[in-house]
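Input: a single structure, listed below in structure tokens.
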Amino acid sequence: MLSGLVIVDKPQGWTSHDVVGRMRRLAGTRKVGHAGTLDPMATGVLVIGINKATRLLTYIVGTSKTYTATIRLGESTVTDDAEGEVTATHSAASVTEEAVLAGVAALTGEIEQVPSSVSAIKVNGERAYARVRSGEEVKLAARPVTIHRFEVHEVRPARDGEALDVDVTVECSSGTYIRALARDLGNALGVGGHLTALRRTQVGPYTLDQAHTLEQLAEELDVLEMSRAARALMPNRELSDEETTEISFGRRIPAGASAGTPEAATADKPAAGFAPDGTLVALLADAGSYAKPVLVFAPDNEKRAATQAAPEQRGPGQQAPSQQAPSRQAGQ
């Protein structure tokens, strides 16, 4: 069974769900998911999980993201991006590059951000964007996010000098709305702002260099195998043959690090455990002096059940299988 991650370069105009639908057809399976929605206007890295690799997606969603974007100062829209109706215009001709840099600095680090009202956040069980489209005024609560890097590359005039376009790179925590950054920068400068272009260049360890367009994937489905995907995503632990067998049956093994130390793996941030042959066996969390499995992939008891045929099913003279730990092909 094909399992792994596919790093897609999402095209503009497609929803993340559209991409999942296409990948289901290309991979020939219904078990496909993605690790973090991209707006239809946005392009770039969308991490897709296939079959067993969908179990890794929850650990990818919370990783940091990097984007390149263009912010237009001098125009506000209902969606805080170029897809929404313009609600206000102001001249940004007097806004200096120094003022832009100061505004960007104020939005860097740990901040409280109010998400865009036209977002997928649920309000009393209904998506915020649906409430806005029905004419309701939606006010969402601020939430803490971290902007690790907010770098300005170019500030140039637009709209006959009445607006400014600002090209930026943003590295941020999960849950950050780049269009809300554009809105807040414009509001801080007194001229309003919205996002005109957005491209995601990195999700956790997965980058645009690894991504393929849907057209390329239709020609050749490039799948990042489970073990390679997990090695890049989380701390690694190399297991002995005995530890591999124990973990495969869901049993505990000695801890990789003392619980409570910075090196200790947790259920939210587990370590990836690899068999001596390099295959992914399980995700592990340290608990006291032991490590326990959070997720187990292709356990030994499944392999053993497959290899131990009933006596009447064996050929003449064929002996029962050895009771030693079977060879493992976890995650393939």
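The values are calculated or read from the model by the stated rules, or taken from the named source; none is laboratory data. What you are looking at is a predicted structure, and each value in this text was computed from that prediction instead of being measured. FYI the Cβ positions are ideal-geometry reconstructions off the backbone, even for glycines, and counts take in every protein chain you see. Each accessible area value is taken on the protein alone, full model and side chains, heavy atoms only, with ligands, DNA and RNA left out. Shrake-Rupley method; radii C 1.70, N 1.55, O 1.52, S 1.80 Å.
Annotations for the structure displayed:
- Selection within the range 243-268 - charged (D, E, K, R) and either surrounded by 14 or more Cβ atoms within 10 Å (Cβ to Cβ) or farther than 16 Å from PHE297 by Cα (or both): GLU243, GLU246, ARG252, GLU263, ASP268
- For the range 235-242, the criterion of being in a helix (DSSP H, G or I) and either surrounded by fewer than 16 Cβ atoms within 10 Å (Cβ to Cβ) or in contact (Cβ under 8 Å) with a residue 12 or more places away in the chain (or both) is met by at least one residue.
- Only residues that are among the β-branched types (Val, Ile, Thr) and open to solvent by less than 70 Å² (accessible area, probe 1.4 Å) were counted in the range 83-105, giving 4.
- If you filter the range 113-142 down to residues that are in contact with a strand residue (DSSP E or B) (Cβ under 6 Å, 6 or more places away or on another chain) and modelled with pLDDT of 75 or more, you find that the one that is least open to solvent (accessible area, probe 1.4 Å) is GLN113.
- Residues satisfying the stated conditions in the range 43-72, i.e. among the small types (Gly, Ala, Ser) and either assigned to a strand (DSSP E or B) or open to solvent by 10 Å² or more (accessible area, probe 1.4 Å) (or both): GLY44, GLY49, GLY62, SER64, ALA69
- Pairs are defined by a Cβ separation below 8 Å, a sequence spacing of at least 6 or placement on different chains, a first member in the range 87-114 that is farther than 16 Å from GLY175 by Cβ, and a second member that is modelled with pLDDT under 95 and open to solvent by less than 80 Å² (accessible area, probe 1.4 Å); the pairs so defined are THR87/THR77; THR87/VAL78; ALA93/GLY161.
- Inspection of the range 306-329 identifies at least one residue that is basic (Lys, Arg), buried (at least 19 other Cβ atoms within 10 Å of the Cβ) and modelled with pLDDT under 50.
- Inspection of the range 278-288 finds a residue satisfying the criterion of being modelled with pLDDT under 90 and loosely packed, with under 15 Cβ neighbours inside 10 Å.
- Options ALA218, ALA182, ALA211; residue that is hydrophobic (A, V, I, L, M, F, W, C), exposed (fewer than 15 other Cβ atoms within 10 Å of the Cβ) and modelled with pLDDT of 95 or more: ALA218
- For the range 4-61, the candidate set comprises residues that are closer than 17 Å to LEU214 by Cα and of a type in the set (S, T, N, Q); within that set, the residue that is modelled with the lowest pLDDT is THR37.
- Filter result for THR207 (of a type in the set (Ser, Thr, Tyr) and within 16 Å of VAL45 (Cα to Cα)): yes
- Qualifying residue in the range 20-38 (condition: in contact with an Asp or Glu (Cβ under 6 Å, 6 or more places away or on another chain) and in a strand (DSSP E or B)): no
- Residue check: ALA271 meets all listed conditions (1) open to solvent by less than 70 Å² (accessible area, probe 1.4 Å); (2) touching a residue at least 40 places away in the same chain (Cβ under 8 Å) but one, namely (2).
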